[in-house]
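A.B. asks: Sharing a structure with you now.
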Amino acid sequence: MLREFSIVNDLNAIEEVARRTHGFSAADLQSLCLQAFMEMRDELSVDRLLAAAATKKPSNLRTYQCKIPNVCLDDIFGMDNAVEKVHALVVEPLRNAEKYQKMRVEPPHGALIYGPPGSGKSMLCYAVSNELEISTIAVDAAQLRSMIVGETEKAIADLFAQARESAPCILLLDNIDVLAPPRGTSLSSENTSDRIVTSLLVEMDGFNAHSNSRVYSPGVFVIAVTSRPNSVDTALLRPGRLDVHIELQLPNPEQRMGIVKGYMNKLPLGKRLRGDSEFLASLVGLTAGMSGAEI
């Protein structure tokens, strides 16, 4: 598609465009090149192609298309321990997957991020997605539940199939407790919840090449989010599934100060006010018991 342009001779540029377009079909790539061509002024450049790629999603992601907020780990205040943990246990292993393979070290396959409402769980997930710059499918688990027998299992299978087609891909499942409550607690005569959990386990076992699962899902990393970790079936939390567990809590005074300072620095305020320790301390005193979102 680019053979008429000089950029085709720049292998580094072509490789960079290819790296930024994981999950794109041939039709998606054709549309991308056409958009860049229509917007060019003189010569087609890699910057123009990358700008076009940033505005497009792979067509197979459009069923669950969502806009990921432009937030990175450096934008998260008052959660240093959680940020360090997610960087070390999620971002680095995924970013350096080939090195892990060469060293024969099994990287984590998924993560559970849990904590009270407003503690920053979703923001942390979005930051991971932006740090890695790979395809992300974000779904509220409640969207997958159906009153029709068998429909939820089909929705789960379709969701993971889309994630596999878009690999490397992050699959973000919010409110995972809605989809995977502890087995044996279902009140329906068809044991609907138990069958849904089993279906989810089959798909998640596909992350492991050594498992006996009929579904293999290399390059798919699941981040499950919940405010009720005790309401999630424990089988999901075992090694090979959601290996990494990251707890977020309501911020303590020191963390609240970090949050207040972080956001105050973003406001159009004078340096004197931003550096007024008594003023900042009074604000922190007013935020006792608040979540990061409330602050």
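A.B. asks: How about the stretch 258-279: which of its residues are more than 22 Å from SER122 (Cα to Cα) and either in a loop (DSSP other than H, G, I, E, B) or at pLDDT 85 or above (or both)? Break it down stepwise before answering.
C.D. replies: Filtering the stretch 258-279 for residues more than 22 Å from SER122 (Cα to Cα) gives 265, 267-279.
Scanning the stretch 258-279 gives ASN265, LEU267, PRO268, LEU269, GLY270, GLY275, ASP276, GLU278.
A.B. asks: Do you know which of the residues in the stretch 228-239 that are surrounded by 14 or more Cβ atoms within 10 Å (Cβ to Cβ) and out of contact with any Phe, Trp or Tyr (no Cβ under 7 Å at 6 or more places or on another chain) is farthest from GLY289 (Cα to Cα)? Give the steps one after another, and end with the answer.
C.D. replies: Just the residues of the stretch 228-239 that are surrounded by 14 or more Cβ atoms within 10 Å (Cβ to Cβ), to begin with: 229, 231-233, 235-237.
After this cut, where a residue has to be out of contact with any Phe, Trp or Tyr (no Cβ under 7 Å at 6 or more places or on another chain) as well, the list is 231-233, 235-237.
Working: SER231: 24, VAL232: 26, ASP233: 29, ALA235: 33, LEU236: 31, LEU237: 29 Å.
Result: ALA235.
A.B. asks: Return the only residue of SER122, SER166, SER146 being surrounded by 20 or more Cβ atoms within 10 Å (Cβ to Cβ) and among the polar types (S, T, N, Q). So that I can check it myself, show each step before the final result.
C.D. replies: Numbers: SER122 fails: surrounded by 20 or more Cβ atoms within 10 Å (Cβ to Cβ); SER146 fails: surrounded by 20 or more Cβ atoms within 10 Å (Cβ to Cβ).
Just a single option satisfies the conditions, and that option is SER166.
A.B. asks: Filter the stretch 126-139 down to the residues that are in a helix (DSSP H, G or I) and aliphatic (A, V, I, L, M), then identify the one that is modelled with the lowest pLDDT.
C.D. replies: We begin by selecting, within the stretch 126-139, every residue in a helix (DSSP H, G or I); these are 126-132.
Next, only the ones that are aliphatic (A, V, I, L, M) stay: 127-128, 132.
Working: ALA127: 93, VAL128: 93, LEU132: 89.
Ranking the candidates gives LEU132 first.
A.B. asks: Among the residues in the stretch 87-102, are any in contact with a strand residue (DSSP E or B) (Cβ under 7 Å, 6 or more places away or on another chain) and surrounded by fewer than 21 Cβ atoms within 10 Å (Cβ to Cβ)?
C.D. replies: Step one: list which residues in the stretch 87-102 are in contact with a strand residue (DSSP E or B) (Cβ under 7 Å, 6 or more places away or on another chain), which gives 89-90, 94.
Applying the additional criterion that residues be surrounded by fewer than 21 Cβ atoms within 10 Å (Cβ to Cβ) yields 89, 94.
There is at least one residue in the stretch 87-102 that is in contact with a strand residue (DSSP E or B) (Cβ under 7 Å, 6 or more places away or on another chain) and surrounded by fewer than 21 Cβ atoms within 10 Å (Cβ to Cβ).
A.B. asks: Considering only the stretch 133-153, state which residues are in contact with a strand residue (DSSP E or B) (Cβ under 7 Å, 6 or more places away or on another chain) and under 17 Å from VAL220 (Cβ atoms).
C.D. replies: Step one: filter the stretch 133-153 for residues in contact with a strand residue (DSSP E or B) (Cβ under 7 Å, 6 or more places away or on another chain), giving 134-141.
Answer for the stretch 133-153, where residues must be in contact with a strand residue (DSSP E or B) (Cβ under 7 Å, 6 or more places away or on another chain) and under 17 Å from VAL220 (Cβ atoms): ILE134, SER135, THR136, ILE137, ALA138, VAL139, ALA141.
A.B. asks: Right, something else. Of the conditions (1) in contact with a helix residue (DSSP H, G or I) (Cβ under 6 Å, 6 or more places away or on another chain); (2) surrounded by fewer than 17 Cβ atoms within 10 Å (Cβ to Cβ), GLY78 fails just one. Which one is it?
C.D. replies: With (1) in contact with a helix residue (DSSP H, G or I) (Cβ under 6 Å, 6 or more places away or on another chain); (2) surrounded by fewer than 17 Cβ atoms within 10 Å (Cβ to Cβ) applied to GLY78, the lone miss is (2).
A.B. asks: Then there's this: Residue by residue through the stretch 98-122, note down the ones that are without any contact (Cβ under 8 Å) to a residue 60 or more places away in the chain and not in a loop (DSSP other than H, G, I, E, B).
C.D. replies: GLU98, LYS99, TYR100, GLN101, LYS102
The values are calculated or read from the model by the stated rules, or taken from the named source; none is laboratory data. Bear in mind the structure is a predicted one, so any value in this text is a computation, not a measurement. Cβ: placed from backbone, ideal geometry, glycine included. Neighbour counts: every protein chain shown.
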